[in-house]
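So the structure is just underneath, and the comments pick up after that.
Taken together, the values in this text are just the output of simple stated rules run on the coordinates, not laboratory data. What you are looking at is a predicted structure, and each value in this text was computed from that prediction instead of being measured. Positions of Cβ are backbone-derived with ideal geometry, glycine not excepted, and every protein chain shown enters the neighbour counts.
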Amino acid sequence: MTRTAAADAITVNPDEVAKFARMASDWWDPEGEMKPLHALNPTRIAYIRDHLTDHFGLPGDGPEPLKGLRLLDVGCGGGLLAEPLARLGAQVTGLDATVETIKAAKAHAQTQGLTIDYRCTTAEAFTDQSEPFDAVLALEVVEHVADRDAFLRACGGLVRPGGLFVLSTINRTRRSFLLAKVAAEYILGWLPRGTHDWRSFVRPSEVAAGLRPAGLHVRDLTGVVYTPFTGGWTLSRDTAVNYMLVAEKP
C-alpha cells in the first residue's frame, strides 16, 4: 500500500497518490508515460526563469540566472522541474506526497550531482516546518489534489512577502475536455487513460479566488499551446486548454 508523509493531510487524494506511485520508475524516460511533461518542460522553465529574473531584478544571462533564490517545487514528482532550476543556480526544495516518487527524484539527482532538498510531505504540512520562499511553484498539480482551495492557501502561505507563486494547469472548458482528456488519453495516447478527471480541471478565476485568502494577486496569465508541426509547446494568449500564471504577494 502506498504511504504518504501526511496521511491526514486534507489536500491529498489517495487515488492520485497511488496512481503516480505506479509511475515512479518512469519519470525520467522521455519516451515513457511522462513524455508530455518532457516536451512541455522547456517552455515551463523559460516562463519561470523570465518571470523570476524580471521580478527580482536578476540578470537574465549567465549560467546561473536564479542564483540566490530559494524555490519550493510543490508536487515535484521525479524532479523534472527541480533539476533544471537547480542547474540555473536556485536553491530548490521539492515536496511530493508519494514515497516512491521522492525516492526516484533523490536517486536521479544523485546521479546528476545535484543538491536538491526533497521531502515526502505536503504543502500544508510543510508550512510549520520552513521559512517562506522567494517563489513557490505548483506545476500540473492542482488538478490532482482533494481540496483545491486548501492547497492554494497552503502554497500561498509558503510565499514570502514580495515573493511569487507560479502555477500551471488545465482549464475546465469544452475544448479542454476534447483535447486534454479525450484526445490526449484515448485517441493520441499521450497519457495513460484515467490520468485526468476533467471535473478537476481548474479555471483561472478559481485559482485567483483560492489565492486571495493567502494575500496573493494574479499578475500574469498566459496560455500554453501545442504546435503539431514542431511537436513542441509555445506561449500564447489562448488559455482555453493549458495555461500558466504568476501571482504576487505584496
| request: Pull up the cross-link candidates among the aspartates and glutamates for Lys35, meaning alpha carbon to alpha carbon under 13 Å and not fewer than 8 places away within one chain. | output: Asp26, Glu185
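Quick check on the chain: helices-only [θ] at 222 nm, where DSSP H runs of length 4 and up contribute -39,500 (n - 2.57) each and the sum goes over total residues. Nearest 500, please.
The per-residue figure over the chain is -8500 deg cm²/dmol.
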| So which lysines can Lys19 reach, going by Cα to Cα under 16 Å and dropping same-chain residues fewer than 8 places off? | Lys103
| Residue-span extension gain [Lys106 to Lys19] - 0.36 nm each, minus C-alpha spacing | 29.4 nm
| Cross-link reach list, lysines versus Lys67, counting only Cα pairs under 22 Å and skipping chain neighbours closer than eight places | Lys106, Lys249
| note | Out of Leu71, Leu178, Leu221, a Gaussian network model of the chain with alpha-carbon springs under 10 Å gives the largest mean-square fluctuation to Leu178
| task | Give me the distance between the Cα centres of region 136-172 and region 28-87, rounded to whole Å. | result | 16 Å
| said: Running a GNM on the chain with Cα contacts under 10 Å, which residue among Gly78, Gly156, Gly68 ends up with the highest mean-square fluctuation? | reply: Gly68
| field | Within the chain: Cβ-based charge dipole about Cα centre, in debye rounded to nearest 20 (Lys, Arg +1; Asp, Glu -1) | value | 420 debye
| message | Looking at the chain as a GNM with Cα springs under 10 Å, which of Ala46, Ala109, Ala240 has the largest mean-square fluctuation? | response | Ala46
| query | So how do 222-228, 23-29 stack up, highest first, on mean other-Cβ count within 10 Å? | reply | 23-29, 222-228
| request: Quick one: work out the % antiparallel among DSSP beta bridges in region 14-248, nearest 5. | output: 50 percent
| message | Charges on Cβ only, +1 for Lys and Arg, -1 for Asp and Glu, centred on the Cα centroid of the chain; of Gly113, Met34, Leu58, which one is farthest towards the dipole's positive end? | response | Met34
| field | Environment charge of Gly79, counting only residues whose C-beta is closer than 12 Å and scoring Lys/Arg +1, Asp/Glu -1 | value | -1
| remark: Length gained, Thr127-Phe229, 0.36 nm per residue minus C-alpha separation, equals 32.4 nm
